[in-house]
Amino acid sequence: MFRNNMRRLEYTVRMTCKLIFGMSQTLVLNASYEPLNITSWRRAVILMIKGKAESLEEDQSYSIHCGQKLPTVIRLRYYVKVPFRDVSLTRKNILLRDNNSCQYCNHKGSDLSIDHVLPRSRGGTDKWENVTTACLRCNVQKGNRTPEEANMPLRRKPYRPLSNLNFEATRQIDSGKHKEWSKYVIGIAA
Ligand SMILES: [Zn+2]
């Protein structure tokens with residue numbers, strides 16, 4: 001009986017660890033500190049053990065081995081050349097960049113539209129830095145004005161995403177899961 005209970009407890013602990021650690025992800029930076037990709041903590045630890053990466057940020061609440069804390073940001077010791085991939089300016093990608101939320105009032109819903117920060121009628125162009133996600137209400141309220149004129153400050157300045165990694169990193173930072181990533185990802189205000 002006692003043994004069975006112990007076994008069950010051990011199993012629960014093991015599964016909980018697996019669940020927590022399994023969900024935990026690590027941001028991988030190039031030797032130049034540019035974000036490269038997001039990987040599992042297991043792969044991050046392997047890179048560290050092999051001497052290929054160093055840990056920059058750690059989750060202090062989890063120890064993995066010999067006092068080593070769970071790495072949440074690592075940096076490669078060698079430089080990896082990455083070809084530049086332009087992210088196309090589409091409605092879907094703009095919404096993704098803006099975490100599917102109105103950049104004026106933070107509303108999330110199906111009534112999201114694309115707003116030109118400097119209105120098109122006043123020379124505003126279709127470029128990443130001039131388009132933002134706005135709910136219909138805010139879009140109508142802002143009308144033919146700039147955010148300053150309408151006294152509607154943007155929650156985040158529109159930026160050109162460097163890669164799809166930006167989207168995923170933004171999503172995780174916004175969800176509160178990996179706030180410590182924000183200082184390494186360009187275009188994201190902490
Ligand atoms: Zn809004």
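Among residues belonging to segment 152-169 that are among the aliphatic types (A, V, I, L, M) and in a loop (DSSP other than H, G, I, E, B), point out the one that is nearest to the ligand (Cβ to nearest atom). Step through it out loud before you land on a result.
Restricting attention to segment 152-169, the residues satisfying the condition of being among the aliphatic types (A, V, I, L, M) are 152, 154, 162, 165, 169.
Going one step further and asking which of them are in a loop (DSSP other than H, G, I, E, B), we end up with 152, 154, 162.
Numbers: MET152: 9, LEU154: 11, LEU162: 26 Å.
By that ranking, first place goes to MET152.
Of a type in the set (A, V, I, L, M, F, W, C) and over 27 Å from ILE49 (Cα atoms): is that true of ILE94 in this structure? Criteria met by ILE94.
Every test in (1) of a type in the set (D, E, K, R); (2) without any contact (Cβ under 8 Å) to a residue 24 or more places away in the chain; (3) near the ligand (Cβ under 10 Å from one of its atoms) is passed by GLU149 save one, and that test is (3).
Selection of segment 112-134 for residues being within 19 Å of PRO161 (Cβ to Cβ) and of a type in the set (D, E, K, R) yields ASP115, ASP126, LYS127, GLU129.
When you check SER88 against the structure, is it in contact with a strand residue (DSSP E or B) (Cβ under 7 Å, 6 or more places away or on another chain) and outside any helix (DSSP H, G or I), yes or no?
For SER88, the condition - in contact with a strand residue (DSSP E or B) (Cβ under 7 Å, 6 or more places away or on another chain) and outside any helix (DSSP H, G or I) - is not met.
Scanning segment 112-130 for residues being within 15 Å of the ligand (Cβ to nearest atom) and touching a Leu at 6+ places or on another chain (Cβ under 9 Å) gives a total of 4. Return the residues of segment 131-146 that are more than 28 Å from the chain's Cα centre (by Cα) and either among the hydroxyl-bearing types (Ser, Thr, Tyr) or away from the ligand (no atom under 16 Å from the Cβ) (or both); say none if nothing qualifies. Listed by number, the list holds a single entry, ASN144. Go through segment 121-143 and count every residue that is touching a helix residue (DSSP H, G or I) at 6+ places or on another chain (Cβ under 6 Å) and part of a loop (DSSP other than H, G, I, E, B). Count: 1.
Taking segment 48-67 as the range and being surrounded by 10 or more Cβ atoms within 10 Å (Cβ to Cβ) and touching a strand residue (DSSP E or B) at 6+ places or on another chain (Cβ under 8 Å) as the test, the residues that pass are MET48, LYS52, ALA53, GLU54, SER55, LEU56, GLU57, GLU58, ASP59, TYR62, SER63, ILE64.
Quick note: the coordinates plus some simple rules give every number you see, no bench work behind them. A quick note: this is a predicted structure, and the numbers were derived from the prediction, not measured. Note that each Cβ is placed from the backbone with ideal geometry, even for glycine, and that neighbours are counted across all protein chains shown.
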